[in-house]
1. If you rank LEU317, LEU88, LEU348 by how much accessible surface each has, with a 1.4 Å probe, what is the order from largest down?
2. How far is it, in nm, from the label point at GLU65 to the one at ASP198 when both lie 7 Å from their Cα along the line to the Cβ?
3. Could you tell me the relative contact order of the chain? Use alpha-carbon pairs under 8 Å, at least six residues apart, and round to a whole percent.
4. If you take the square roots of the eigenvalues of the alpha-carbon gyration tensor of the range 1-70 and sort them as a ≥ b ≥ c, do you get rounded (a/c under 1.5), prolate (a/b over b/c) or oblate?
5. Order these peptides, 398-406, 198-206, by their mean beta-carbon neighbour count within 10 angstrom, highest first.
6. Once ligands and nucleic acids are excluded and a 1.4 Å probe is used, how much of LYS396 is accessible, expressed in Å² to the nearest 10?
7. Between ALA380 and residues 5 or more places away or on another chain, which pairs have amide H atoms under 5 Å apart, with H built 1.01 Å from N, and which residues are they?
8. For CYS261, list long-range residues whose amide hydrogen, built 1.01 Å from N in the peptide plane, is under 5 Å from its own amide hydrogen.
Amino acid sequence: MELKKVLLDETEMPRQWYNILADIKMNPPLGPDGNPVTPDSLAPVFPMNLIEQEVSTERWIDIPEPVMDVLTLWRPSPLVRARALEKLLDTPARIYFKDESVSPPGSHKPNTAIPQAYYNKMFGIKHMTTETGAGQWGSALSFACSQFGIQCKVFMVRVSFDQKPYRKLMMETWGGDCIASPSNLTRAGRDALERDPDTPGSLGIAISEAIEAAVGDTTGKTRYSLGSVLNHVMLHQTIIGLEARKQMEKIGEYPDIVIGCAGGGSNFAGIAFPFVLDKMNGKDIKIYPVEPAACPTMTRAPFVYDHGDTARYTPMLPMHSLGHAFVPPPFHAGGLRYHGMAPTVSQLIVEGIVEARSVSQLSAYEAGIKTARSEGRIPAPETTHAIACVIEEALKAKEEGKEKVILFNWSGHGLLDLGAYDKFFSGKLKNYELSDEEIKQSEKVYESFPKPQVLKSR
Ligand SMILES: *Cc1c(COP(=O)(O)O)cnc(C)c1O
């Protein structure tokens, strides 16, 4: 029998998260006056214990015991050798993936939802609000809130709300409340509907709604939660890469190439940041975040200061951004439809430590189907973007006759995305190419904002 999976014991799980802020220089988030935001100014939005984590520069942060107790419901996740895919591609490359689809909601997202719900609970919070794209984050937070006895309200981007009714039902099963965004419950939502009554919605608008709903609660017992982009979210996800590094070590392997798809950047950060640390310490590794060509934040948008949401409630963050008002075309990888990129991931791109890639929707689905028909697992549409890049690299290794070791993050399963697969099979999916003109136009919104400095960490 050939080795397929590398498993860790629960006792071998990492006990600390890796905080990349200890190792890179960052431009600070800016408030409306153009000055760096203070932790106090974020207090109406997030609980102080998470704000402290957001700004911490400690390299290693302990994972609290009650968080470990819930993570072990599905962690450690398996590291799988994709032998059937290797064979199909006839490549000398050895392909491994970290299977994050085994969590109860089916993606990597509960890795941060659980600690976020825990820290809110410790701070005395009773209600949490959030936004969701494809519904994975909303279902992850609903699950996490149910574990810690918190009420959860989710604003779900309209186009996904209509395309993916089962995610809403998952949220409701865990006791969450799911609302299509833009809604008429908030001013940000009503404004968006007034601008365009038929809008498919966007993560930017949904974030504005969720923040407004949290800050507007006069009892002070509601806080907002973000499923990606922010430093503390990247921190919580590093458990993926830390486990993967241990698992590879067990079998005497080490990756030449690390790949993750990137919407806001968190699952990529999760698998990649521990290897970024190794790279900064001298290891020779290629590290690729992969985005959809229809929402080309990292590959076509500049590094600027911009808001994380459409109504500009968030501070200005230093990031690659298509502009906070950007509404991406309604392609199917809902989790990759965000206008910005995590400041930490953006900083690594600016420094050339990681290299951004993009793939088209159709090549992503083709890659996903090849994988389903060889490996068996059906990947989420988001994950197929990473797989398309893996296949490119595996074929390149074949051309060069090199035994490359490729590691990627299987960020979620596609079992609730079969409607999108159906559209692919019936030829209804197409590629969306944005013109330079469209991109220039959408970027106008931050023209007048301060510009981030180009910082060098090493
Ligand atoms: C949300 C999601 C993503 C993208 O979000 P990141 O913050 O970039 O990780 C990717 N894959 C799946 C399955 C998702 O649910």
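1. LEU88, LEU317, LEU348
2. Computed distance between label sites GLU65 and ASP198 equals 5.8 nm.
3. Answer for the chain is 19 percent.
4. prolate
5. The peptides rank, most packed first, as 198-206, 398-406.
6. 90 Å²
7. Here the answer is GLY412, HIS413, GLY414, since their amide H atoms fall under 5 Å of that of ALA380.
8. Answer set, sorted by chain and number: VAL290, ALA386, ASN409.
The values are calculated or read from the model by the stated rules, or taken from the named source; none is laboratory data. Computed from a prediction, not measured in an experiment: that's the story for all the values here. Counting neighbours? That spans all protein chains shown, and the Cβs are built from the backbone with ideal geometry, glycine included. SASA here: full protein model, heavy atoms, side chains in, ligands and nucleic acids out. Shrake-Rupley method; radii C 1.70, N 1.55, O 1.52, S 1.80 Å.
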